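Okay, structure first, notes after.
The values are calculated or read from the model by the stated rules, or taken from the named source; none is laboratory data. What you see is a predicted model; the values in this text were computed from it and never measured. Note: ideal-geometry Cβ built from the backbone for every residue, glycine included; neighbour counts use all protein chains shown. These accessible areas exclude ligands, DNA and RNA; they are computed on the full protein's heavy atoms, side chains included. Shrake-Rupley method; radii C 1.70, N 1.55, O 1.52, S 1.80 Å.
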Amino acid sequence: PSDPRFDEQWGLDTIGIKQGWGQETGRRQAIIAIVDTGVQLDHPDLKHKLVDGYDFVDGDDHPDDVGGHGTHCAGIAAASTNNAVGVAGVCPNCSIMPVRVLSPWGGSASDVAQGIVWAVDHGAQVISMSLGGEWPSATQQDAIEYAWQHGAILVAAAGNQDTSQPHYPAYHDRCLAVGSTEQGDSRSSFSNYGNWVDV
C-alpha cells in the first residue's frame, strides 16, 4: 500500500497481513468499537470511517481523544489503507466506533462496562479494549457476558506488568487476551503472559 509509514509496521508482516488482505479487507458494516480514551475525530486516516460514538467520562456524544492512545489503537485496527496517508489498518474497510471510557489518568470498571453495553446496543460487532487492571469487576463481567450473548467479539490487552497474574477484562473467558511481542516475535519484556493469554 501507498501509506508512507507502512514499512515501519513490522507487526503487519509478522501476522501475514498481505496474504490476509488477499482474502478479506472488511466492510463498512463491520463496526469495531474502540473502548479507550476516545478517537481523534478529525484524524485524516480515520475521520471517513467513524460512526457515532459516546463519551462516558464527560457524558456527551463527542468522544474526541484526550491522550492519543485510543487513536493509536483505532489506527492499528482500521486506518484507511493505500491512501498515501499515515499507516495501514489491519481491517481497512471496517468502521470505527469511538467509545471514550478513560481520562488521561485512567478510568473506572463501571465506565468500561457501560461503554461495552452501549457499543453493542449501537451495532458494534467487535469490542477492542486496550486497557485493564488487576481487580475483577462483577459489573464489567456482566457487560462482557451481555456483549458475548449478543454475538460480539471481545478483544482485550493482557497487560504490561511482566506477570502471569490475571489482568481484567482480558482474563475473562469471553475475552480474547492479547499480549505483546517484539520485532523478532519474542515476548516483549513488559508483556503479561500465561496460559490465559490467547494471542
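Taking VAL39, is it open to solvent by less than 60 Å² (accessible area, probe 1.4 Å) and over 11 Å from ILE96 (Cβ atoms)? No: the conditions fail for VAL39.
For segment 104-115, the criterion of being over 15 Å from the mean Cα position of the chain (by Cα) and closer than 28 Å to GLN19 by Cβ is met by none of the residues. Among the residues of segment 30-67, count how many are more than 18 Å from SER130 (Cβ to Cβ), more than 17 Å from the chain's Cα centre (by Cα) and not acidic (Asp, Glu). So the count comes out to 4. If the condition is being closer than 17 Å to ASN82 by Cα, open to solvent by 50 Å² or more (accessible area, probe 1.4 Å) and outside any helix (DSSP H, G or I), then segment 1-36 contributes PRO1, SER2, PRO4, ARG5, GLU24, ARG27, ARG28.
Among the residues of segment 149-170, just one is more than 16 Å from the chain's Cα centre (by Cα) and outside any loop (DSSP other than H, G, I, E, B), namely GLN149. You will find that of ASP185, ASP198, ASP173, the residue that is open to solvent by 30 Å² or more (accessible area, probe 1.4 Å), in a loop (DSSP other than H, G, I, E, B) and touching a residue at least 40 places away in the same chain (Cβ under 8 Å) is ASP185 and no other.
Do you know which residues across segment 87-132 are closer than 14 Å to VAL39 by Cβ, among the polar types (S, T, N, Q) and not in a strand (DSSP E or B)? SER130 - this is the single residue of segment 87-132 that is closer than 14 Å to VAL39 by Cβ, among the polar types (S, T, N, Q) and not in a strand (DSSP E or B). Residues in segment 55-81 that are in contact with a helix residue (DSSP H, G or I) (Cβ under 9 Å, 6 or more places away or on another chain), open to solvent by 40 Å² or more (accessible area, probe 1.4 Å) and part of a loop (DSSP other than H, G, I, E, B): VAL57 only.
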